[in-house]
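Taking it in order: structure first as structure tokens, then the write-up.
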């Protein structure tokens, strides 16, 4: 059997169920997952063959719940999506949002499905880049939840928070532009400025701790000396690997 034939007969072991937030970011997840699938093969041009299930939330309602700190309602939305995905055949869950990942307790409890962590693969990527101090750009909910800080400490990795005024400006860009897939000069300048601030504090990496920031990641890289950890690309690649290998690394 040739290598091509071997790849084409490889069996996908698990079907990922994506709980989608903003539509442009969902598309970025699906592209990244299919790209990771192709990288597992011969590198030649192949038809997409990773099977997935996608459930899109009422994102406007979720944003309203997040902004008003109605956490039980936000968790209920994500839980509802998880139940629908399990019924559709999903065998593990991928929450396409850092903020949403902090609201996943109900989804796990109501379905019994494993949820692919977004934090650990990201921190592994930062460490693999030989970095030891990472600035975190995210929503206030993600920052205040401490999920990155708690997971980084045992790894000897320092998480540097942004200044309070930076968080407010970042949230404006996220909810005003990035959730619509809009990558503007204003947003890019803000992220660049934040990276400069992190570098002055000794950081050697920046974690784009909101998946919608993926729309600015490639443009940001030439503008900063920091390693840019795009949580969308990292999480999606981990999801594709889990789907094919069945190895439950980073899933709980």
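The values are calculated or read from the model by the stated rules, or taken from the named source; none is laboratory data. Just so it is clear, the structure is predicted and the values come from calculations on it, not from any experiment. Methodologically, a virtual Cβ is constructed for each residue, glycine included, from the backbone with ideal geometry; neighbour enumeration extends over all protein chains shown.
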Note to self: So, in the stretch 225-252, exactly how many residues are farther than 19 Å from residue 139 by Cα and crowded, with 18+ Cβ neighbours inside 10 Å?
What the structure shows: 12
Check: In this structure, is residue 66 crowded, with 24+ Cβ neighbours inside 10 Å, within 25 Å of residue 213 (Cα to Cα) and in contact with a helix residue (DSSP H, G or I) (Cβ under 7 Å, 6 or more places away or on another chain)?
Finding: no
Next item on the list: Looking only at the stretch 183-227, count how many residues are in contact (Cβ under 8 Å) with a residue 40 or more places away in the chain, assigned to a helix (DSSP H, G or I) and under 10 Å from residue 173 (Cβ atoms).
Entry: 3
Notebook entry, point to check: Only one of (1) in the same structural domain as residue 36 (by TED's automatic domain parsing); (2) farther than 21 Å from residue 147 by Cα; (3) in contact with a helix residue (DSSP H, G or I) (Cβ under 6 Å, 6 or more places away or on another chain) is not met by residue 220, so which one is it?
Noted result: (1)
Note to self: Being under 17 Å from the mean Cα position of the chain (by Cα) and surrounded by 20 or more Cβ atoms within 10 Å (Cβ to Cβ) is the filter here; which residues of the stretch 202-219 pass it?
What the structure shows: 205, 206, 207, 208, 209, 210, 211, 212, 213, 214, 215, 216
Note to self: Going by what's in this entry, would residue 66 be described as assigned to a helix (DSSP H, G or I) and modelled with pLDDT of 95 or more?
What the structure shows: no
Next item on the list: Go through the stretch 72-165 and tell me which strands (runs of 3 or more DSSP E), entirely inside it, have 2 or more residues that are surrounded by 22 or more Cβ atoms within 10 Å (Cβ to Cβ) and touching a residue at least 60 places away in the same chain (Cβ under 8 Å).
Entry: 92-95, 133-137
